[in-house]
Amino acid sequence: MILSPRARLAVVSMHTSPTASLGQNANGGMNVYIREICAAFAACGIATDVFTRRVGADDPEVERMASLSRVVYLPAGHDHSDKYELLHHVGEFADEALAFIREHQLNYDLVYSHYWLSGAVAELLTEKLALPWVHTAHTLALVKNRQLAPGAKPEPAERIQIERRIAAEADLLVASTEDEGGDLALMYGADRDRIQVVAPGIDRSTFQPMAASEARRKIGFAGQRLLLFVGRLERLKGVETILRALALAADRRHQDVRLLVLGGDSRDAQQSEKERLKVVAADLGISDRVDFLGSVAHHELPYFYAAAEACLMPSYSESFGLVGLEAQACGCPVVASNVSGLASVVREGVTGYLVDGHDPAEWADRILSLLDDPENARQMGRRGVLLAQRYPWGLTADRIWTAVAPLLESAQQNAVHPN
Ligand code: UDP
C-alpha cells in the first residue's frame, strides 16, 4: 500500500453504526466491513472519521474505534427510524456532519459512503466540500428485487433512483464481487472504468479452527451433532428452507441433529421473523430440535462455527456473505444457495455445496451428504480454512486504497492548478 500519512477520510454510515451489536436489527456484514476497513486503514496511517447516527442517550458525540479511527454520532431521525423513514433525514444528517466538520476545522481528502442512504448524504457532502467520492453499495435494490423471498417486500422506487444517481455520480464504486460490478454496469448504467471489484475480508486472529468437541463443550452442546445458521433474521435469509430440510433429513436419518439459529429480528420488520419461524418449526414437529439462541457476540462465533458440522446459508440474495467466510475460516463446511455473493465465497464440492433454489429436498440431500460422511465434511472444512486465508482485511484495504490513490492525486493537482 502507498502510505499516505496525512490522508483523512470522511466515512459515511448513516443507517447503522460500525460499533452496533451485530446480528440484530439492520446490523450485520456492513458494520463489520466498515469497522475492519477503518482498522486496516489505521494500520497504514490513514485516518477515518465515521459519521453515523446517534441512536441512544448513551452514544457519545465522538468515540475512538481504532488508533486513527473515530466514530462521530450525529443527531438525525428518531432512535428507531427504519431505513425508509431515514430518507427524510438525509439533509439534516448532512447538515449536522458539515456543522461538525466546520466546528472542528477538519479537512478530509475523500468521502467514502456505505449503502444507498449514506450515498445520498455523500452526494450533498461532496458537493459542499468539493471532495472525491467513493461508494460501496453493500446491497442493491434491483438485485434484491430480482429474487425476493416469499412474503418479502420489494425495495421502493426512491431507493432505486438514489442508487442510479450514486452509480452515475460517485468517482469510484467498490463492488464486492464481479457479479455486483456487472450489476452496477448493466442494471444501473455505471461506467465500467469507475467500478473496482474488491472482496471483503476475514479477521483470522478471531476466526480460526479448533477441536469440535471443545467448541461444543464451550457453547453448552457437548456431544451433540449440530447444524448452524448465523445472520439477521429476515425473509431474505431464507431460514424457512432449512427448517423444512431439517424435518426431511430427520425423517430419513439423523434424528439426533440440532439446528442452532443465531441472530435476531430486524426492528424494521412489521412481523417478527423469529416468531414466524418458530411457528413453522412447530408445524413441522421439529421445535425440540431447533434452538433460537438470539444474536451472539462476534468474538463468540468461532466456537459455534467450529462446533457445527455445517453452516447453512439459504439466502435469496447476498452481495457477499461474510458468515460463509467466517465459517470456512473455522473449518466448517458451508451449504449455501447458489446466489452470486455466496458462489464467490463457497467452492462447490470443495469447501461445501451450492444449492440451486430453495427446494427443501435438495437442501436435505446436501446436508445429509455431510452428516453421512464426516470424513468428507472434515476435508471440506480443512480446504475452507485454506480458502479463507486468502482474504485478510489488510488486502481488502490495500486494494481499495490502490484504486483510490489516483483520485486523491488528481484532486490535489486540481487544487494546485484549478481550471
Ligand atoms: N453476526 C454476529 N452475531 C450474530 C449474527 C451475525 O456477529 O448473532 C455477524 C456475522 O458474524 C457477520 C455479520 O454479522 O460478520 C453478517 O454478515 P453477512 O455478510 O453474512 O450478512 P449481512 O448482515 O451483510 O446480510
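Among MET210, MET380, what's the order by accessible area (1.4 angstrom probe), most exposed first?
On the way: MET210 60, MET380 0 Å².
The residues order as MET210, MET380, largest area first.
Once you charge only the Cβ atoms, +1 for Lys and Arg and -1 for Asp and Glu, what is the size of the charge dipole of the stretch 161-235 about its Cα centre, to the nearest 20 debye?
On the way: 11 positive and 12 negative charges, 152 e Å.
Dipole size: approximately 720 debye.
Based on DSSP H runs of at least 4 residues, each adding -39500 (n - 2.57), what is the mean residue ellipticity at 222 nm of the chain after dividing by all its residues, to the nearest 500 deg cm²/dmol?
Computed mean residue ellipticity for the chain: -13000 deg cm²/dmol.
Give me the angle, in degrees from 0 to 90, between the Cα long axis of helix 393-416 and the longest principal axis of the Cα atoms of the chain, rounded to the nearest 10.
Taking Cα atoms only, the helix is inclined about 10 degrees.
Which one, GLY56, LEU68, HIS80, is farthest towards the positive end of the dipole of the stretch 46-88 when Lys and Arg carry +1 and Asp and Glu -1 on their Cβ?
Going by the charge dipole, the pick is LEU68.
Cβ neighbours within 10 Å, averaged per peptide: list 104-113, 280-289 in order, most packed at the top.
The most tightly packed comes first, giving 104-113, 280-289.
For the stretch 173-229, take the convex hull of the Cα atoms, compute a quarter of its surface area, and give me that in nm², please.
6.1
Based on a Kirkwood Rh over C-alpha pairs, give the Stokes-Einstein translational diffusion coefficient of the chain at 20 °C and viscosity 1.002 mPa s in µm²/s.
97
Would you be so kind as to identify which of LEU173, GLY189, MET210 lies farthest towards the positive end of the dipole of the stretch 173-221, taking Lys and Arg as +1 and Asp and Glu as -1 on Cβ and the Cα centre as origin?
So the residue we want is MET210.
Compute the signed sum of charges (Lys and Arg +1, Asp and Glu -1) over the other residues within less than 13 Å, Cβ to Cβ, of LEU407.
Counting the neighbours of LEU407, the net charge comes to -3.
In what sequence, highest mean first, do 130-138, 143-151, 201-209 appear when ranked by Cβ atoms within 10 angstrom?
130-138, 201-209, 143-151
If Lys and Arg each add +1 and Asp and Glu each add -1, what is the summed charge of the other residues whose beta carbon sits under 9 Å from the beta carbon of ALA329?
Here the count lands on -1.
If the cut-off is 29 Å between C-alpha atoms, which lysines fall inside it for LYS278, apart from same-chain ones fewer than 8 positions away?
LYS83, LYS144, LYS153, LYS218, LYS237
The values are calculated or read from the model by the stated rules, or taken from the named source; none is laboratory data. Not measured: the values here are computed from a predicted model. Because the Cβ atoms are built from the backbone with ideal geometry, glycine has one as well, and the counts that use them run over all protein chains shown. Just the protein is used for accessible areas: all its heavy atoms, side chains included, with ligands, DNA and RNA removed. Shrake-Rupley method; radii C 1.70, N 1.55, O 1.52, S 1.80 Å.
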